[in-house]
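Novice: Take this structure, written in structure tokens, and hold onto it; I'll ask about it next.
The values are calculated or read from the model by the stated rules, or taken from the named source; none is laboratory data. Small disclaimer: the values here were computed from a predicted structure and weren't measured. Cβ placement follows ideal geometry from the backbone for every residue including glycine, while neighbour counts extend to all protein chains displayed.
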Amino acid sequence: LTDGGAPRPGRVAVVGADANEGDGNTPQNRNNRRIDWSSEEGFETSIVAQRMRRAKMKQALIEKHRLRRPAIERIEVLQQKLNDKLAPYGEEVSLLMQDREKDPNFSTVLTLTQDVTGILAESQDELDAIVGEPTKLEDKDSQVWNLIDLETFRPAAEALRKRTAEGTDSPPSEEGTEGNQAP
């Protein structure tokens, strides 16, 4: 057990985890922290670990900033908005997770990174406004990605497992587009 008691077996992502938490910052170790969307067990373990991280974050924010009920409720609303905004990107994320040995389409990665980073930055600004001060890089308990609910990506994870079982590489293409393109 590491990272505040959250289990980290196999290829389970630790969203917001420090790359130097006892396992080194090598490409292989970074790859091992990815979410294993290819198995139900791996995905469920990721969900549980992230829920624990989210609870730890909220408790730390409450204690550090002496938050009262209205601020806590605003954080809950922020969490829902954040996850609603991230949900449409589940398919693209699952495509990136599908084949770890093959480099993904660079344009897809750039588009996804730009879009998701914008959502996270906007949400971080809102969280900072709620708690009344900007989050420092080393303040892991106040980083907005702790609010991500991996359950949001369950449909994409299930679709990935189905495609893998069927031996297909990408989701069905929309008319006039290839399945591996960003929206």
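Novice: For region 132-144, how many residues are buried (at least 18 other Cβ atoms within 10 Å of the Cβ) and assigned to a helix (DSSP H, G or I)? Even if it seems obvious, please write down each step before you answer.
Specialist: First, pick out the residues of region 132-144 that are buried (at least 18 other Cβ atoms within 10 Å of the Cβ): 140, 142-144.
Adding the requirement that they be assigned to a helix (DSSP H, G or I) leaves 140, 142, 144.
The total comes to 3.
Quick grid of which residues meet (1) part of a loop (DSSP other than H, G, I, E, B); (2) more than 23 Å from residue 127 (Cα to Cα); (3) at pLDDT 50 or above:
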site: 10; (1), (2), (3): yes, yes, no
site: 19; (1), (2), (3): yes, yes, no
site: 41; (1), (2), (3): no, yes, yes
site: 46; (1), (2), (3): no, yes, yes
site: 52; (1), (2), (3): no, no, yes
site: 56; (1), (2), (3): no, no, yes
site: 72; (1), (2), (3): no, no, yes
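Novice: So, in region 61-82, of the ones that are hydrophobic (A, V, I, L, M, F, W, C) and farther than 24 Å from residue 116 by Cβ, which residue ends up surrounded by the fewest Cβ atoms within 10 Å (Cβ to Cβ)?
Specialist: Taking region 61-82 and keeping what is hydrophobic (A, V, I, L, M, F, W, C), we get 61-62, 67, 71-72, 75, 77-78, 82.
Adding the requirement that they be farther than 24 Å from residue 116 by Cβ leaves 62, 67, 71-72.
Numbers: 62: 15, 67: 18, 71: 16, 72: 13.
My answer is 72.
Novice: Could you say whether any residue in region 112-124 is within 13 Å of residue 86 (Cα to Cα), touching an Asp or Glu at 6+ places or on another chain (Cβ under 8 Å) and hydrophobic (A, V, I, L, M, F, W, C)? Steps first, please.
Specialist: First, the residues of region 112-124 that are within 13 Å of residue 86 (Cα to Cα): 112-123.
Imposing the further condition that a residue be touching an Asp or Glu at 6+ places or on another chain (Cβ under 8 Å) reduces the set to 112.
From what is left, the residues that are hydrophobic (A, V, I, L, M, F, W, C) are 112.
Looking for residues that are within 13 Å of residue 86 (Cα to Cα), touching an Asp or Glu at 6+ places or on another chain (Cβ under 8 Å) and hydrophobic (A, V, I, L, M, F, W, C), one finds at least one in region 112-124, hence yes.
Novice: Moving on. Going by the structure shown, is residue 152 over 26 Å from residue 40 (Cα atoms) and of a type outside the set (Gly, Ala, Ser)?
Specialist: Working: over 26 Å from residue 40 (Cα atoms): no; of a type outside the set (Gly, Ala, Ser): yes.
Answer is no for this residue.
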